[in-house]
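The values are calculated or read from the model by the stated rules, or taken from the named source; none is laboratory data. Predicted model, so just to flag it, every value in this text is computed and none were measured. Heads up, the Cβs are rebuilt from the backbone with ideal geometry, glycines too, and the neighbour counts pull from every protein chain shown. Accessible surface areas use protein heavy atoms only, side chains included; no ligands, DNA or RNA. Shrake-Rupley method; radii C 1.70, N 1.55, O 1.52, S 1.80 Å.
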Amino acid sequence: KRSLELDPQNSNRAWNLGETYLALRAYPEAEHYFNKAISLDPMEKAPYIFKALTYWLWTGDSKRGSEIIERMPHYDDPLVDYARYYNEMLKGDYPAALEILSKSTFEIMHTVIGFFTKAELEGDAYTAMGEMALARASYNSARLLLEAEVKKSPLDPRIHSSLGLVYAALGRKDDAIHEGSNAMEIYPVSLDALMGPFFV
């Protein structure tokens, strides 16, 4: 709050404050600061995505989430595609979610909390549709990509965490727990109170 008072036109400060309130589940305050961040820099995508996330977590309102996502500046960005995909999944429109993925250019998207693969997201949509053979094929494709990434970057907790989720989807319980534990050991909550809990 103090940093925003000192630099009131800084959209990143407003977004960081909204993100902090979101982590505290103080949703009205989070909404306020995401609105402020959007007004200060309407072309920056993160405040829109986090404002939609606020509604998803606060009320489960996919309609309001959709309105925010559609107002967001659309350009070729995996995070924008993921936000649109996630909103369709919440609405239960799984074919629409798959259509968004089919037009997206990423295979692996790096975020602060994980490595999202297009194949894993497809698997989630197929699972929701009850298309288990297609889901398993997608999860296996994601597994191969993430196993290769782990070999390249064995100390990146995000990859271990994401690989653990894919193992879980494939029914490989022990492997899933092992990878999740690896992520927690590499990046414990004591190291980062905001990001650490994602790996837990």
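Anything in the stretch 155-197 that is assigned to a helix (DSSP H, G or I) and of a type in the set (Ser, Thr, Tyr)? List them, or say none.
Pass one, the stretch 155-197, residues assigned to a helix (DSSP H, G or I): 157-169, 173-186, 196-197.
The answer is Ser161, Ser162, Tyr167, Ser181.
Contact map, the stretch 52-66: first residue closer than 14 Å to Glu29 by Cα and polar (S, T, N, Q), second residue in a helix (DSSP H, G or I) and open to solvent by less than 50 Å² (accessible area, probe 1.4 Å), Cβ cut-off under 6 Å, separation 6 or more or different chains; pairs are Thr54/Leu22; Thr54/Tyr27; Thr54/Ala30; Thr54/Glu31.
Within the group Leu121, Leu144, which residue is hydrophobic (A, V, I, L, M, F, W, C), without any contact (Cβ under 8 Å) to a residue 12 or more places away in the chain and part of a helix (DSSP H, G or I)?
Numbers: Leu121 fails: without any contact (Cβ under 8 Å) to a residue 12 or more places away in the chain.
Only one candidate passes the filter, namely Leu144.
From the list Thr117, Thr111, the one residue that fits, being within 28 Å of Pro197 (Cβ to Cβ) and exposed (fewer than 15 other Cβ atoms within 10 Å of the Cβ), is Thr111.
Report the residue count in the stretch 38-69 for those that are in contact with an Asp or Glu (Cβ under 7 Å, 6 or more places away or on another chain) and within 16 Å of Ser11 (Cβ to Cβ). Full working, then the answer.
Narrowing the stretch 38-69 to residues in contact with an Asp or Glu (Cβ under 7 Å, 6 or more places away or on another chain): 45, 50-51, 54-55.
The next check asks that each one be within 16 Å of Ser11 (Cβ to Cβ); those that pass are 45, 50-51.
Here the count works out to 3.
Where helices (runs of 4 or more DSSP H) sit wholly within the stretch 1-102, those with at least 2 residues that are open to solvent by less than 80 Å² (accessible area, probe 1.4 Å) and among the charged types (D, E, K, R) occupy 27-40, 45-58, 78-91.
Take Ser153 and tell me if it is of a type in the set (S, T, N, Q) and within 23 Å of Val80 (Cβ to Cβ).
Details: of a type in the set (S, T, N, Q): yes; within 23 Å of Val80 (Cβ to Cβ): no.
In short, no.
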